[in-house]
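To keep things clear, I will list the structure first and then write my remarks on it.
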Amino acid sequence: MRSVIYLLLALSMSACVQVNTEIEKAESQLAISSVHDRELLLDQHSTFAFTPLQQNENGAVFPMVTAEIEMFLKRKGFQRVTAEQQPTFYIGYILEREGEPSDEQLSETFGLNPGLPDLPELEKGTMLVFVLDGESKQFVWRAAAQGFVLDDLDAEQKKLRLQQVVHSTLNQFNNK
């Protein structure tokens, strides 16, 4: 009888640890889906500009995200220009938190759904990134990245998480 009680106690303690481990694993999950809509020839002279969605009268709407995307693209050899300088391509992004848009709306309007599962104890965040041809303004590439929002991270951890999301997503834009 005593060994049965010890066994039950050990199993209940291991179950608690598993739940926490599963939540910790889920917090670091990142699901990305992307599609190339058309070819865009890029070389060492290619330039980019951010779409007007990323700017307001005070500058960048999400300065950390804009800066991280810009650094990534510059490391790939692209030069940032203004929209008036007729860039080779435009890049834009949209950030959303849980529920807006729903996974169904994301599929219908953006044509992508990364498929990150819904977990009641964690809030899902979505980053939509798109590249438009500089001349035709038509989609060249689209991506949707989903991860869980971790509000309790310190500034350095948030920066590292942002780098992970941006780099993992933009690495799928492999025209260069």
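The values are calculated or read from the model by the stated rules, or taken from the named source; none is laboratory data. Small disclaimer: the values here were computed from a predicted structure and weren't measured. Just the protein is used for accessible areas: all its heavy atoms, side chains included, with ligands, DNA and RNA removed. Shrake-Rupley method; radii C 1.70, N 1.55, O 1.52, S 1.80 Å.
Structure data summary
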read-out	value
Accessible area (Å², per residue) of region 88-138, counting only protein heavy atoms and a probe of 1.4 Å	51 Å²
Whole-Hz couplings from phi, Karplus 6.51/-1.76/1.60, listed for region 162-170; x for Gly and Pro	4, 4, 4, 5, 5, 5, 4, 6, 5
Accessible carbon and sulfur surface of region 30-176 relative to its total accessible area, %, 1.4 Å	50 percent
Interchain or long-range residues, amide H under 5 Å from Gly134's placed H	Phe89, Tyr90
